[in-house]
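Colleague: Below is a structure I'd like to ask you about.
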Amino acid sequence: MGLFLDEEVTPLVVICVPFLGGLVALGMISVLLARVRAAPAGVGPQLLVADRIAAGAASFLVAECTYLAAFVGGAAVFLVAVLEAQGDRSPVASYSTHPGGWQTMMCFLTGAGLSAAA
C-alpha cells in the first residue's frame, strides 16, 4: 500500500531519499547562514559581550579537548589490553585466530579523531 511495489524498490530509490534530504538540508543551511551573516553585529556593549563569549567558548574548547584526549587515550589502551588479553577465550576466536585489539583501537581512535574534527 506504499508508493512503490516491492519489485520497484531498487538501490537507486533507496539512496535517492536521504540524498535529496541532504540536498534540502544544505539549501536550508545556506539560506540561514546568509541571513545570519547579513544581520548587524550590534553596537557598543553588545560587541563587548560577544567578544567575551567568544573568548570563553575558545577557552572551554581547549579545556574540553585536553580532558577528552586523556580519556580517549586511556580508553584506547583499555581496549587493547582487554581484547589482547582474552586470546582464545574471545567470542571472535571462533572465526578468527587474532583477538583484534590493535585494530579495534585504531578504529576507535579514527572515530574519536573524526568526531573531534566535526
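Any read-out appearing in this document is the output of simple, stated calculations on the displayed coordinates, not a laboratory observation. As the structure is a computational prediction, the values presented were derived from the model and not from experiment. Cβ coordinates were reconstructed from backbone atoms using ideal geometry, including for glycine residues, and neighbour counts include every protein chain displayed.
Colleague: Take the alpha carbon gyration tensor of the chain, find the square roots of its eigenvalues, order them as a ≥ b ≥ c, and report rounded if a/c is under 1.5; if not, report prolate when a/b exceeds b/c, else oblate.
Modeller: Taking the square roots of the gyration eigenvalues as a ≥ b ≥ c, the chain is oblate.
Colleague: Given the options ALA63, ALA39, ALA50, state which has the largest fluctuation in a GNM of the chain using a 10 Å cut-off (strictly under) for Cα springs.
Modeller: In this elastic network of the chain, the residue with the biggest mean-square fluctuation among ALA63, ALA39, ALA50 is ALA39.
Colleague: Considering only GLY100, GLY22, GLY56, give the residue with the highest GNM mean-square fluctuation for the chain, with springs between Cα atoms whenever their separation is below 10 Å.
Modeller: Comparing GLY100, GLY22, GLY56 in the GNM, the peak value goes to GLY22.
Colleague: Separate question: Determine the gain in length on full extension of the stretch ALA81-ARG37; use 0.36 nm per residue of separation and subtract their C-alpha separation, reporting nm with one decimal.
Modeller: The ALA81-ARG37 span can extend by a further 10.9 nm.
Colleague: Mind checking which of LEU12, LEU20, LEU33 has the largest fluctuation in a GNM of the chain, springs on alpha carbons under 10 Å?
Modeller: In this elastic network of the chain, the residue with the biggest mean-square fluctuation among LEU12, LEU20, LEU33 is LEU12.
Colleague: Per DSSP helix of 4 or more residues, -39500 (n - 2.57); summed, then divided by the residues of the chain. What does that give at 222 nm, rounded to the nearest 500?
Modeller: -26500 deg cm²/dmol
Colleague: For TYR67 and THR110, what does the FRET efficiency come to when R0 = 22 Å and r is the distance between their Cβ atoms, rounded to the nearest 0.05?
Modeller: 0.65
Colleague: If you put +1 on each Lys and Arg Cβ and -1 on each Asp and Glu Cβ, how big is the dipole of the chain around its Cα centre, in Debye rounded to 20?
Modeller: In debye, rounded to 20, the chain gives about 560.
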